[in-house]
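This report concerns only the one structure given below.
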Amino acid sequence: MPSSDTTPQVAIVSESKAKPRLTVALRATLVRELSRMRRRRGEVLNPLVFYALAISLFPLGISPEADLLTAIAPGLLWVMALFATLLSLDGLFRSDFDDGSLEQMMLSPQPLAALSVTKVAAHWLLTGVPLAVMAPLLGVMLALPLHSYGVLMVSLALGSASLSLIGGIGAALTVGLPRGGVLLSLLVLPLYIPVLIFGSGAVQAAVVGDAVLPHLAMLGALLAAALIFAPWAIAASLRISING
Amino acid sequence: MTLCLQGRQLGCERDDRWLFSGLDIEINHGEILRVTGPNGSGKTTLLKILAGQLNDFSGALHWNGQPLSQVSEQFAANMLYLGHAPGVSAWLTPLENLAWYQALQGERGSEEQREAALARMGLQGLEDTPIGHLSAGQQRRVALTRLSLTPRALWVLDEPFTAIDQAGVDALEAQLAAHADAGGAVVVTTHHALNNARPLCHIALG
């Protein structure tokens, strides 16, 4: 414990002082999230392992016939990526809520919306991006034509960012509940449907050789909308959960 | 500059029961306010209200004469709240936790500064041990390191003495007194009698 002479004359910050620098806080939050997840590899690997296992069961369970698998591959790859994301969402704010860090984040002079979106960005980097990178490997198992791999990855990378943002709202709303997982799925799944439609639509179009850009543009538009509305919704939900 | 946090006619209802009502509080620089009361009497709730965390209460809060809701950013930059949960992540080391708290203030700080602050709290050698491997008292000490590392005028401390050993309790008491002497203010809940000589305001709930 410090000796009593360590406290200097106390200064009171007034309005005239420059605002605390947001970029420093945001970068530190991102670094914090990434190093936290580096020590919890199981939690990062869980959705990826689920994705790989679930997809690899379909050729065994349905039929190894290439034509049939090609027809259902876009939908399967997207639906399972959506479930894998959902699986990882519950932990987004949970441990910070339990150890009191979330409370401190709310009390900090930085905007809560910006801080929580940084956490969502870390979630996307460690869930959405790996899922997108992994998807072509699983596409091989589902006899997905080689020329659609690029679109599959791009659509998943774009779409999963929306999934993380929308899911963040649900995670924030249910963080105070002891078993929020089921409620979280019910809240979030309806909002995931547009992303699913345009995401698997893009891959489907790539498989049959149609134009993929309209689908990808719609995914981009959904992401833009999510980026505008989700930060405020997440911040408001967190306030409700903590004060509730 | 002085600081003044005023609460007028504060009241809070939980589950159809008034925890407290008609409470007038004023905290000025150089004061230590100790809130006491039996379990469930609303001490934590009162502290959360004073820290600007809760909105569903009756009455009004003023920071330096202005309604708290209008100057919430300025208030946040002057107030340090430590709750029941120490607010340190079990997966991060003490240094990483403190670096994040400094960054939330927009400060980068330096590793030496953080190491020195941890050493003052008797945590040398544990800087790089994940918090989850530390004892409850050591975790609390990491949280309390913020008192000297991120200087704020107003401290709102909810049971800061929990899990701290006797030597630590004495040092923390001295630190609270020194903070008040330096012109800061402290609101603290504790079941343990503070035995320093400072003029101490006292609110008993329940």
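The values are calculated or read from the model by the stated rules, or taken from the named source; none is laboratory data. What you see is a predicted model; the values in this text were computed from it and never measured. As a convention, Cβ positions derive from the backbone with ideal geometry for all residues, glycine included, and neighbour counts pool all protein chains shown. Surface areas here come from the heavy atoms of the whole protein model, side chains and all, with no ligands, DNA or RNA. Shrake-Rupley method; radii C 1.70, N 1.55, O 1.52, S 1.80 Å.
Could you pull out the residue among A:Leu68, A:Leu89, A:Leu152 that is open to solvent by 30 Å² or more (accessible area, probe 1.4 Å) and more than 14 Å from chain B (Cβ to nearest Cβ)? Result of the check over A:Leu68, A:Leu89, A:Leu152: A:Leu68. Of all residues being assigned to a helix (DSSP H, G or I) and at pLDDT below 90 in segment B:60-75, which is farthest from the other protein chains (Cβ to nearest Cβ)? Just the residue, please. So, considering only residues that are assigned to a helix (DSSP H, G or I) and at pLDDT below 90, the one farthest from the other protein chains (Cβ to nearest Cβ) is B:Ser72.
Only one of the numbered conditions (1) surrounded by fewer than 21 Cβ atoms within 10 Å (Cβ to Cβ); (2) hydrophobic (A, V, I, L, M, F, W, C); (3) facing chain A (nearest Cβ under 8 Å) is not met by B:Ala119, and that is (3).
Residue by residue, here is whether (1) basic (Lys, Arg); (2) at pLDDT 95 or above; (3) within 12 Å of A:Thr29 (Cβ to Cβ); (4) in a helix (DSSP H, G or I) holds:
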position	(1), (2), (3), (4)
A:Asp96	no, no, yes, yes
A:Met105	no, no, yes, yes
A:Gln110	no, no, yes, no
A:Thr118	no, yes, yes, yes
A:Ala121	no, yes, yes, yes
A:Leu125	no, yes, no, yes
A:Val129	no, yes, no, yes
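Scanning segment A:162-173 turns up no residue that is open to solvent by 40 Å² or more (accessible area, probe 1.4 Å), more than 30 Å from B:Ala77 (Cα to Cα) and out of contact with any strand residue (DSSP E or B) (no Cβ under 7 Å at 6 or more places or on another chain).
Pairs linking a residue in segment B:172-193 that is away from every other protein chain (no Cβ under 11 Å) and touching a residue at least 24 places away in the same chain (Cβ under 8 Å) to a residue that is polar (S, T, N, Q) and surrounded by fewer than 19 Cβ atoms within 10 Å (Cβ to Cβ), with Cβ atoms under 8 Å and 6 or more positions apart or on different chains, are B:Thr189/B:Thr36; B:Thr189/B:Thr44; B:Thr190/B:Thr36; B:His191/B:Thr36. Pairing each residue of segment A:217-242 that is free of Cβ contacts under 8 Å to residues at least 40 places away in the same chain with any residue that is among the hydrophobic types (A, V, I, L, M, F, W, C) and assigned to a helix (DSSP H, G or I), provided the two are 6+ apart or on different chains, yields C-beta distances under 6 Å for A:Met218/A:Phe198. Of the listed requirements (1) surrounded by fewer than 19 Cβ atoms within 10 Å (Cβ to Cβ); (2) facing chain A (nearest Cβ under 10 Å), B:Leu147 misses just one: (1).
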